[in-house]
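S.K.: Dumping the structure here so I can ask a few things about it.
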Amino acid sequence: MATTSLGSGILGAATDMGDAFSFWPRHNEAIYKRLESKHAWLEERHAGGDGAPAETEDPLEHQMSLNIGPQHPATHGVLRCVVKLDGEMIEKCVIDIGYLHRGIEKLAEHKTYQEFMPYTDRMDYLSPYSNNVAWCLAVEKLAGIEVPERAQWIRTMLCELARISSHMLWLGVGLMDAGAVSVFLWTFQGREDIYKIFDHIAGARFTVSHSRIGGIASDLTPESLALLRDFVARYPDVIEGWRKFLNRNRIWIERNEGVGVITAEEAMEMGLTGANLRASGVEYDLRRFEPYLKYDDVDFNIPMRTEGDCLARYFVRMEEMLESIKIIEQCLDRLPEGPIRTDDAKHAYPSKEEVYYSMEGMIHDFMYTDTGVTPPKGAWSYHAIESPKGELGFYLQSDGTGHPYKVRIKSPCFSNLQGLEYMMEGHPVADIVVLIGSLDPVMGESDK
């Protein structure tokens with residue numbers, strides 16, 4: 001394959017580059033040896049086992065290699081799955097990612113900390129608010145910025161609203177993949193109600209960019225609070241209605257039960273995270289074990305199953321939506337008065353009233369847009385949150401300027417896709433769409 005030949009070229013070039021890169025050949029040799037063993041079966045179909053040309057063999061006596069994606073609606077983005085079939089059964093599977101790679105980590109190193117905010121919306125574009133908050137928390141940790149209490153409660157509330165929105169899309173699209181179109185329409189009605197709330201709060205329905213370093217962009221209005229209270233009052237019954245409908249649906253249960261089983265040990269070994277990890281019996285949730293924002297002050301349960309199959313992943317996410325509604329209710333009841341951004345011109349944008357009616361406010365706004373936050377030189381931080389897909393973390397290094405020296409992103413979708421090859425092998429080809437949907441990948445975040 002192209003990977004193997006390219007690897008040989010790199011190894012040959014690296015060998016001639018001198019002692020400074022003497023470790024490259026040994027390092028890459030191990031990597032490409034592993035890749036060759038994984039991908040060698042794809043090349044076997046181009047030549048006979050005894051070296052004879054492939055066209056001289058009877059194709060009916062050999063297995064079939066099939067491409068699913070990258071342009072396929074059931075792959076939830078530009079994901080390519082190459083499978084080796086023996087009849088209807090998948091013998092081997094290779095996942096090919098990177099079709100949506102945009103170099104977000106490198107882009108971040110050429111933007112100010114605040115300028116990078118809209119790029120986080122485009123990672124997991126099904127829950128952009130969670131991405132905004134994760135980035136802000138990492139920068140605030142790097143620069144030692146204190147965020148007002150009211151802003152922390154609002155962030156907590158809206159992160160849970162984003163979790164519900166993401167799980168609703170997972171449920172609707174996953175069921176449509178399995179043939180249930182009605183639930184897809186119901187869940188998108190729920191997402192429309194959530195979009196209305198975000199539109200009132202942030203002025204945007206989808207890519208909100210509402211969080212700010214040091215706080216949030218705008219406060220909640222009485223209309224926004226009313227919409228939130230109406231949502232948390234109505235939707236427990238709506239979600240329970242979906243559960244009653246699906247939990248007794250024989251087709252849905254049999255379609256998922258026992259499919260894609262991953263044990264707790266396998267889940268940890270393959271790096272699964274989020275609901276996929278908890279569905280395999282590992283009760284790990286960053287909101288509980290490494291609390292951030294106000295999760296230490298609210299009461300909620302961590303949904304968990306031990307079966308580790310597609311049905312268990314369904315049960316966990318359905319229960320998570322109900323727990324998120326409980327968290328939002330507690331945030332609404334305990335929301336304090338006060339500022340929504342830190343009162344420090346070096347750490348946050350001034351309010352619009354200051355910008356419009358004072359010379360100092362206008363100067364601060366201009367300087368913050370030009371340079372922004374400048375953490376100490378040599379400082380570094382890593383902060384992760386429990387996003388709807390799992391552990392989303394940002395690692396930052398500062399060189400003392402207004403933009404990061406290094407940025408690395410811990411993507412939960414990338415981690416979860418590591419389990420897909422293992423899950424597919426041994427299953428019929430018809431289970432591919434169910435297995436992909438049960439992991440809930442978003443390729444914009446996986447590929448970055």
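Quick note: the coordinates plus some simple rules give every number you see, no bench work behind them. On a predicted model such as this, the values are computed, not experimentally measured, just so you know. Here Cβ is always computed from backbone atoms with ideal geometry, including for glycine, and neighbour counts include all displayed protein chains.
S.K.: Please list the non-local residues whose amide H lies under 5 Å from the amide H of Leu220, H modeled 1.01 Å from N, same-chain partners needing a gap of 5 or more.
M.R.: Here the answer is none, since no amide H 5 or more places off falls under 5 Å of that of Leu220.
S.K.: Next question. In straight Cα distance, which lysines are under 21 Å from Lys92, not counting same-chain residues fewer than 8 positions off?
M.R.: Candidates past the 8-residue exclusion: Lys33, Lys38, Lys84.
S.K.: Provide the gained length on full extension for the span Met268 to Arg122, in nm with one decimal, where the gain is 0.36 nm per separating residue minus the Cα-Cα distance.
M.R.: Full extension from Met268 to Arg122 adds 49.8 nm.
S.K.: Which of rounded, prolate or oblate describes the stretch 172-228 when judged by the alpha-carbon gyration tensor and an a/c cut-off of 1.5?
M.R.: On the way: a/c = 4.31, a/b = 2.23, b/c = 1.93.
Prolate, since a/c reaches 1.5 and a/b exceeds b/c.
S.K.: Right, here's the next one. Under a Cβ-Cβ cut-off of 11 Å, what is the net charge of the residues other than Cys159 that fall near it, where Lys and Arg count +1 and Asp and Glu count -1?
M.R.: +2
S.K.: Follow-up question, since we're still on this one. Expressed in nm to one decimal, what extension gain is obtained for the pair Asp219 and Phe188 from 0.36 nm per residue of sequence separation less their Cα-Cα distance?
M.R.: Numbers: separation 31, 0.36 × 31 = 11.16 nm, distance 2.66 nm.
Difference between extended and current length: 8.5 nm.
S.K.: For every helix of n ≥ 4 consecutive DSSP H residues, a contribution of -39,500 (n - 2.57) applies; sum these over the chain, divide by its total residues, and give [θ] at 222 nm rounded to the nearest 500 deg cm²/dmol. Don't skip to the end; give the middle numbers.
M.R.: Details: 19 runs with 228 residues, N = 448.
My calculation for the chain gives -16000 deg cm²/dmol from helical runs alone.
S.K.: With θ set to phi - 60°, apply the Karplus curve 6.51 cos²θ - 1.76 cosθ + 1.60 along the stretch 270-276 and write out the HN-Hα couplings as whole Hz, x wherever there is a Gly or Pro.
M.R.: Those phi angles translate into 8, x, 5, 8, x, 4, 5 Hz.
S.K.: Right, here's the next one. Under a point spin-label approximation (7 Å from Cα along Cα-to-Cβ), what is the Asp96-Glu337 distance to one decimal in nm?
M.R.: The modelled label-to-label distance comes out at 6.2 nm.
S.K.: Which one of Arg287, Arg248, Arg155 has the biggest mean-square fluctuation once the chain is modelled by GNM with Cα springs under 10 Å?
M.R.: Fluctuation is largest for Arg248.
S.K.: Please state the relative contact order of the stretch 81-159 as a whole percent: Cα pairs under 8 Å, 6+ residues apart? Each step should come with its number before you reach the end.
M.R.: Numbers: 43 pairs, mean separation 12.5, N = 79.
Worked out over the stretch 81-159, it gives 16 percent.
S.K.: In terms of modelled amide H atoms, which long-range or inter-chain residues lie less than 5 Å from the amide H of Arg212?
M.R.: It is Ala217, by chain and number.
S.K.: Another question about this same structure. Compute the FRET efficiency between Met359 and Arg288 as 1/(1 + (r/R0)^6), taking r as their Cβ-Cβ distance and R0 = 60 Å, and round to the nearest 0.05. Kindly include the intermediate steps, with their values, before the conclusion.
M.R.: Numbers: r = 47 Å, r/R0 = 0.79.
After rounding to 0.05, the efficiency reads 0.80.
S.K.: Would you order Asp399, Asp447 from fewest to most other beta-carbon atoms within 10 Å of each residue's own beta-carbon?
M.R.: Fewest to most other Cβ atoms nearby, the residues stand as Asp399, Asp447.
S.K.: Moving on. Under a 5 Å amide H to amide H cut-off, with H placed in plane at 1.01 Å, what residues pair with His427 once short-range neighbours are removed?
M.R.: Ile90
S.K.: If we count other beta carbons within 10 Å of each Cβ, what is the order of Leu439, Leu79, fewest first?
M.R.: Starting with the residue having the fewest Cβ neighbours, the order is Leu439, Leu79.
S.K.: Another question, if that's okay. How large is Rg over Rh for the chain, taking Rg from the Cα atoms and Rh as the Kirkwood inverse mean of 1/r across Cα pairs? Walk me through the intermediate numbers first.
M.R.: Details: Rg = 24.4 Å, Rh = 24.0 Å.
For the chain, the value is 1.02.
S.K.: Apply the Karplus parameterisation 6.51 cos²θ - 1.76 cosθ + 1.60, with θ equal to phi minus 60°, to every residue of the stretch 95-106 and state each ³J(HN,Hα) to the nearest whole Hz, in sequence, with x for glycine and proline.
M.R.: 8, 10, 10, x, 6, 10, 5, 10, x, 5, 4, 6
S.K.: What list do you get for Phe206, Phe289, Phe184 if you sort them by fewest beta carbons within 10 Å? Don't skip to the end; give the middle numbers.
M.R.: Numbers: Phe206 13, Phe289 10, Phe184 16.
Result, fewest neighbours first: Phe289, Phe206, Phe184.
S.K.: Sticking with this structure for a sec: Taking 7 Å along the Cα-to-C-beta vector as the label spot, tell me the Tyr195-Ile251 distance in nanometres, rounded to one decimal.
M.R.: 2.7
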